[in-house]
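Input: a single structure, listed below in C-alpha coordinates.
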Amino acid sequence: MALRKKHNSGDTLAVLKIDHFQVAIPVGRVPDALAFYEGVLQFVRIAKPAELDQRGAWLTQGPVNLHLGEEEEFEAARRAHPALLVDNIDQLLQKAELGGYPLRIDAGPTGYKRASVFDPFGNRIELMQKL
(Lines give C-alpha, C1' and ligand atoms only; values in the text may rest on other atoms or scores of the structure.)
Protein backbone atom coordinates (compact mmCIF):
# COMPACT_ATOMS: atom_id res chain seq x y z
CA MET A 1 0.00 0.00 0.00
CA ALA A 2 1.50 3.33 -1.02
CA LEU A 3 1.69 6.06 1.59
CA ARG A 4 0.02 9.18 0.33
CA LYS A 5 0.65 12.66 1.61
CA LYS A 6 -1.55 15.66 0.97
CA HIS A 7 0.54 18.57 -0.31
CA ASN A 8 -0.27 22.26 -0.04
CA SER A 9 -1.52 22.30 -3.62
CA GLY A 10 -4.15 19.75 -2.69
CA ASP A 11 -2.61 17.09 -4.96
CA THR A 12 -2.04 13.61 -3.60
CA LEU A 13 1.37 12.23 -4.58
CA ALA A 14 2.82 8.75 -4.16
CA VAL A 15 5.88 6.74 -5.15
CA LEU A 16 4.40 3.77 -7.01
CA LYS A 17 7.37 1.43 -7.38
CA ILE A 18 11.06 1.31 -8.23
CA ASP A 19 11.51 1.49 -11.99
CA HIS A 20 15.17 0.37 -11.97
CA PHE A 21 18.38 0.50 -10.00
CA GLN A 22 21.78 1.43 -11.37
CA VAL A 23 25.14 -0.10 -10.52
CA ALA A 24 28.29 1.82 -11.42
CA ILE A 25 31.04 0.04 -13.32
CA PRO A 26 34.42 1.20 -14.64
CA VAL A 27 34.54 2.56 -18.19
CA GLY A 28 35.21 -0.14 -20.80
CA ARG A 29 34.28 -3.06 -18.53
CA VAL A 30 30.77 -3.89 -19.79
CA PRO A 31 31.82 -7.42 -20.92
CA ASP A 32 33.13 -8.20 -17.41
CA ALA A 33 29.95 -6.84 -15.86
CA LEU A 34 27.77 -8.91 -18.19
CA ALA A 35 29.70 -12.08 -17.30
CA PHE A 36 28.53 -11.54 -13.72
CA TYR A 37 25.05 -10.04 -14.10
CA GLU A 38 24.00 -12.32 -16.98
CA GLY A 39 26.11 -15.37 -16.12
CA VAL A 40 25.59 -15.52 -12.36
CA LEU A 41 22.46 -13.51 -11.59
CA GLN A 42 20.71 -14.51 -14.85
CA PHE A 43 19.69 -11.02 -15.99
CA VAL A 44 18.98 -10.58 -19.71
CA ARG A 45 20.41 -7.66 -21.66
CA ILE A 46 17.89 -5.43 -23.42
CA ALA A 47 18.39 -2.60 -25.90
CA LYS A 48 18.61 0.93 -24.57
CA PRO A 49 16.36 3.46 -26.30
CA ALA A 50 18.19 4.92 -29.33
CA GLU A 51 17.87 8.48 -28.05
CA LEU A 52 19.87 7.68 -24.89
CA ASP A 53 23.63 7.48 -24.42
CA GLN A 54 24.64 3.95 -25.44
CA ARG A 55 27.39 3.51 -22.84
CA GLY A 56 26.78 0.89 -20.18
CA ALA A 57 23.98 -1.64 -20.49
CA TRP A 58 20.39 -2.26 -19.47
CA LEU A 59 19.30 -5.63 -18.13
CA THR A 60 16.07 -7.13 -16.89
CA GLN A 61 14.70 -10.18 -15.10
CA GLY A 62 11.02 -10.46 -14.30
CA PRO A 63 9.95 -7.21 -12.61
CA VAL A 64 13.54 -6.10 -11.87
CA ASN A 65 15.37 -3.66 -14.15
CA LEU A 66 19.11 -3.07 -13.74
CA HIS A 67 21.18 -0.40 -15.45
CA LEU A 68 24.96 -0.64 -15.62
CA GLY A 69 26.45 2.85 -15.76
CA GLU A 70 30.06 3.43 -16.77
CA GLU A 71 31.90 5.96 -14.60
CA GLU A 72 35.28 7.56 -15.30
CA GLU A 73 36.04 7.96 -11.59
CA PHE A 74 34.61 4.62 -10.52
CA GLU A 75 34.40 3.68 -6.86
CA ALA A 76 32.80 0.39 -5.77
CA ALA A 77 29.66 0.49 -3.62
CA ARG A 78 30.68 -1.85 -0.83
CA ARG A 79 28.02 -0.80 1.69
CA ALA A 80 25.23 0.81 -0.36
CA HIS A 81 23.61 -1.99 -2.35
CA PRO A 82 20.48 -3.39 -3.95
CA ALA A 83 18.86 -6.38 -2.26
CA LEU A 84 17.35 -8.96 -4.59
CA LEU A 85 14.68 -11.38 -3.41
CA VAL A 86 15.56 -14.72 -5.05
CA ASP A 87 14.04 -18.20 -5.16
CA ASN A 88 17.23 -20.30 -5.01
CA ILE A 89 20.00 -18.53 -3.14
CA ASP A 90 22.16 -21.65 -2.89
CA GLN A 91 22.25 -22.07 -6.68
CA LEU A 92 23.20 -18.42 -7.18
CA LEU A 93 25.94 -18.63 -4.56
CA GLN A 94 27.29 -21.77 -6.22
CA LYS A 95 27.39 -19.96 -9.60
CA ALA A 96 29.19 -17.02 -7.98
CA GLU A 97 31.71 -19.29 -6.31
CA LEU A 98 32.35 -21.24 -9.53
CA GLY A 99 32.89 -17.93 -11.34
CA GLY A 100 35.43 -16.82 -8.74
CA TYR A 101 33.29 -13.97 -7.41
CA PRO A 102 33.63 -13.14 -3.71
CA LEU A 103 30.65 -13.89 -1.50
CA ARG A 104 29.69 -13.61 2.12
CA ILE A 105 26.96 -15.37 4.10
CA ASP A 106 25.06 -12.80 6.16
CA ALA A 107 22.82 -13.23 9.21
CA GLY A 108 19.01 -12.92 9.18
CA PRO A 109 16.59 -11.24 9.34
CA THR A 110 14.37 -13.94 10.78
CA GLY A 111 12.63 -15.91 8.08
CA TYR A 112 15.25 -15.27 5.39
CA LYS A 113 18.49 -16.79 4.19
CA ARG A 114 20.77 -13.91 3.20
CA ALA A 115 24.13 -13.49 1.52
CA SER A 116 26.13 -10.90 -0.39
CA VAL A 117 27.96 -11.43 -3.67
CA PHE A 118 30.42 -8.96 -5.12
CA ASP A 119 30.61 -8.15 -8.81
CA PRO A 120 33.99 -8.03 -10.62
CA PHE A 121 34.49 -4.44 -9.42
CA GLY A 122 33.62 -4.92 -5.73
CA ASN A 123 29.99 -3.73 -5.78
CA ARG A 124 27.90 -5.53 -3.17
CA ILE A 125 24.70 -7.25 -4.30
CA GLU A 126 22.58 -8.66 -1.46
CA LEU A 127 20.58 -11.82 -2.08
CA MET A 128 17.65 -12.80 0.13
CA GLN A 129 15.50 -15.92 0.05
CA LYS A 130 12.33 -16.18 2.12
CA LEU A 131 12.34 -19.44 4.06
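The values are calculated or read from the model by the stated rules, or taken from the named source; none is laboratory data. What you see is a predicted model; the values in this text were computed from it and never measured. Cβ sites come from the backbone with ideal geometry, for glycine too, and all protein chains shown count toward neighbours.
Considering only residues that are in contact with a helix residue (DSSP H, G or I) (Cβ under 9 Å, 6 or more places away or on another chain) and within 26 Å of residue 128 (Cα to Cα), look in the stretch 26-55 and name the one that is surrounded by the most Cβ atoms within 10 Å (Cβ to Cβ).
36
Residues in the stretch 86-131 that are in contact (Cβ under 8 Å) with a residue 60 or more places away in the chain and more than 19 Å from residue 35 (Cα to Cα): there are none. Within the stretch 39-76, can you find the residues that are of a type in the set (Val, Ile, Thr) and assigned to a loop (DSSP other than H, G, I, E, B)? Once the filter is applied, which keeps residues that are of a type in the set (Val, Ile, Thr) and assigned to a loop (DSSP other than H, G, I, E, B), the stretch 39-76 yields only 40. Check whether at least one residue in the stretch 102-125 is assigned to a loop (DSSP other than H, G, I, E, B), on the phi < 0 side of the Ramachandran plot and of a type in the set (D, E, K, R), and report yes or no. For the stretch 102-125, residues assigned to a loop (DSSP other than H, G, I, E, B), on the phi < 0 side of the Ramachandran plot and of a type in the set (D, E, K, R): present. For the stretch 77-90, a residue qualifies if it is surrounded by 13 or more Cβ atoms within 10 Å (Cβ to Cβ) and part of a helix (DSSP H, G or I), and exactly one does: 89.
For the structure I just gave you, tell me whether residue 93 is outside any loop (DSSP other than H, G, I, E, B) and closer than 16 Å to residue 23 by Cβ. For residue 93, the condition - outside any loop (DSSP other than H, G, I, E, B) and closer than 16 Å to residue 23 by Cβ - is not met. Suppose we filter the stretch 15-25 for residues that are of a type in the set (A, V, I, L, M) and surrounded by 10 or more Cβ atoms within 10 Å (Cβ to Cβ); how many remain? Here the count works out to 4.
Across the stretch 121-131, what is the total count of residues that are closer than 15 Å to residue 97 by Cα and surrounded by 18 or more Cβ atoms within 10 Å (Cβ to Cβ)? Residues that pass the stated criteria total 3. Would you check if there is a residue in the stretch 71-90 being at pLDDT 95 or above, under 15 Å from residue 127 (Cα atoms) and charged (D, E, K, R)? Yes: the stretch 71-90 contains one or more residues that are at pLDDT 95 or above, under 15 Å from residue 127 (Cα atoms) and charged (D, E, K, R). Output the qualifying pairs, or none if there are none: Cβ atoms under 6 angstrom, residues six or more apart or on different chains, first residue in the stretch 64-81 and under 22 Å from residue 102 (Cβ atoms) and in contact (Cβ under 8 Å) with a residue 40 or more places away in the chain, second residue surrounded by 15 or more Cβ atoms within 10 Å (Cβ to Cβ) and among the aromatic types (Phe, Trp, Tyr). Filtered contacts from the stretch 64-81: 66/43; 76/121. Of the listed requirements (1) hydrophobic (A, V, I, L, M, F, W, C); (2) at pLDDT 95 or above; (3) surrounded by 15 or more Cβ atoms within 10 Å (Cβ to Cβ), residue 105 misses just one: (3).
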